[in-house]
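A short write-up of the structure that comes next.
The values are calculated or read from the model by the stated rules, or taken from the named source; none is laboratory data. Computed from a predicted structure; not experimentally measured. Every residue, glycine as well, gets a Cβ built from its backbone with ideal geometry; the counts of neighbours run over all protein chains shown.
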Amino acid sequence: MSCLSGKTALITGASRGIGRAIALRLALDGADIAGIDVQEELLGETGALIEQKGRRFAPIMADVTDLEQMQQAVATVEDAFGSLDILVNNAGITRDALLIRMDAAAWNQVLAVNLTGVFNGIKAAARAMMRQRSGRIINVASIVGMIGNAGQANYAASKGGVIALTKTMAREMASRNVNVNAVAPGFIETAMTEQLSDKARQALFARIPLGRLGQPQEVADVVAFLAGPDSRYLTGQVIRVDGGMVM
Amino acid sequence: MADDVRERVIGLIAERMAVEADQITDDTHFINDLQSDSLDMAELVIDLEEEFDITISDEDAQKIETVGQAISHIEEA
């Protein structure tokens, strides 16, 4: 597949997990990749894997919560690759606690990375995409942002916010041929879900019709669809990648 | 200097809206004559801010309806 050859993609949180899988998949489809993260070593590993596939990789150490750093990152991509065609806002964190035990810092940090980070990414990339009259923005939300999850008030609120932001940006940018969609993963095998106990895992499986956790690659495959030519008539959509958990 | 501002503003609008510079006068209305939408106006204001290294408040931006108004706003800034 080379449906993204000549395209460039910027992916936040590209050092591991779903972000790394997205970076590798878009590279496989032919795109050059810029990856943003705060974990330099892991980001370098993602880069090595991409370069093995014969695509270019630009590692960018930046904090998505800082708009100026994100604007600088987009400028770096444009200098390195000449344009920015695809933005994947993937960076996310959890700081789980029941709300009555959740401190303000846990709330603020999760909102800053997961929601303000998406705002910053879109704001940094929007003008260039609008100018070139084409672009794809894909935000990584979560089914938790649609159905809630005990112990994740901050995370669920941030992901619900991402969904609303996705729909609003789809409306604002549609006339400029910029499509904005989201994926809403369910429970995916990553460092984020690693800490689940065996008991919690078994309980989860009972709620997942496909009977297993998802793989990062399976989310990346849907992101690749949203980044590619076959989804040109989709905007403002939230595609659940959750083994059927939410229908 | 004033003519220079005029030329640069008109050049910028011509490029952005894909019209010939000699079709644009002070009375050219962004919405009625150039079919600008709110996104075009937002982008134009950012372009003008960058071109002339000025800041245009949202309140002022909303008052700009014609090319002449854009030029005089920049000359006063």
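Among (1) part of a helix (DSSP H, G or I); (2) more than 14 Å from chain B (Cβ to nearest Cβ); (3) of a type outside the set (Gly, Ala, Ser); (4) within 20 Å of residue A:68 (Cα to Cα), which single condition is residue A:87 missing?
Status for residue A:87: all satisfied but (1).
With the requirement that a residue be in a helix (DSSP H, G or I) and surrounded by 15 or more Cβ atoms within 10 Å (Cβ to Cβ), what does the range A:189-204 give you?
In the first step, residues of the range A:189-204 are kept if they are in a helix (DSSP H, G or I); the result is A:191-194, A:198-204.
A:192, A:193, A:204, listed by residue number.
Determine the pairs where a residue that is under 20 Å from residue A:6 (Cβ atoms), located within the range A:210-230, has a partner that is of a type in the set (S, T, N, Q) and in a helix (DSSP H, G or I) with Cβ atoms under 7 Å apart, the partner being 6 or more residues away or on another chain.
Listed by first residue and then by second, the contacts come to A:225/A:231.
Check off (1) in contact with a strand residue (DSSP E or B) (Cβ under 9 Å, 6 or more places away or on another chain); (2) at pLDDT below 95 for residue A:26 and give me the number that stays unchecked.
Residue A:26 satisfies every listed condition except (2).
Go through (1) in contact with a Leu (Cβ under 9 Å, 6 or more places away or on another chain); (2) farther than 18 Å from residue A:124 by Cα; (3) surrounded by 19 or more Cβ atoms within 10 Å (Cβ to Cβ) and name the single condition residue A:185 misses.
(1)
Going through the range A:29-75 one residue at a time, which ones are out of contact with any Leu (no Cβ under 9 Å at 6 or more places or on another chain), over 21 Å from residue A:116 (Cα atoms) and part of a helix (DSSP H, G or I)?
Hits for the range A:29-75 are A:40, A:41, A:42, A:43, A:44, A:45, A:47, A:48, A:51, A:52.
Determine which single condition residue B:53 fails, assuming it passes every other condition in (1) exposed (fewer than 13 other Cβ atoms within 10 Å of the Cβ); (2) within 14 Å of chain A (Cβ to nearest Cβ).
It fails just one condition, (2).
Report whether or not residue A:68 is under 23 Å from residue A:195 (Cα atoms) and either among the small types (Gly, Ala, Ser) or surrounded by fewer than 22 Cβ atoms within 10 Å (Cβ to Cβ) (or both). Show your work before the answer.
Details: under 23 Å from residue A:195 (Cα atoms): no; either among the small types (Gly, Ala, Ser) or surrounded by fewer than 22 Cβ atoms within 10 Å (Cβ to Cβ) (or both): yes.
When the stated conditions are applied, residue A:68 does not pass them.
Within the range B:22-36, how many residues are surrounded by 12 or more Cβ atoms within 10 Å (Cβ to Cβ) and either closer than 22 Å to residue A:173 by Cα or under 12 Å from the mean Cα position of the chain (by Cα) (or both)?
Result for the range B:22-36: 8.
State all residues of the range B:12-21 that are closer than 14 Å to residue B:71 by Cβ and under 11 Å from the mean Cα position of the chain (by Cα); if no residue qualifies, say none.
If the condition is that a residue be closer than 14 Å to residue B:71 by Cβ and under 11 Å from the mean Cα position of the chain (by Cα), then B:12, B:13, B:14 are the ones that fit.
If a residue counts only when it is within 14 Å of another protein chain (Cβ to nearest Cβ), which helices (runs of 4 or more DSSP H) contained entirely in the range A:112-188 have at least 1 such residues?
Ranges flagged: A:117-131, A:153-173.
If I ask for residues that are within 16 Å of residue A:133 (Cβ to Cβ), of a type in the set (A, V, I, L, M), more than 9 Å from chain A (Cβ to nearest Cβ) and out of contact with any Phe, Trp or Tyr (no Cβ under 9 Å at 6 or more places or on another chain), which ones from the range B:36-50 would you list?
So the first thing to find is which residues in the range B:36-50 are within 16 Å of residue A:133 (Cβ to Cβ), and the list is B:36-37, B:39-40, B:42-44, B:47.
With the extra rule that they be of a type in the set (A, V, I, L, M), the set shrinks to B:39, B:42, B:44.
Now restrict to residues that are more than 9 Å from chain A (Cβ to nearest Cβ): B:42, B:44.
Correct list: B:42 only.
Which of the following residues is of a type outside the set (Val, Ile, Thr) and in contact with a Cys (Cβ under 9 Å, 6 or more places away or on another chain): A:228, A:186?
Just a single option satisfies the conditions, and that option is A:228.
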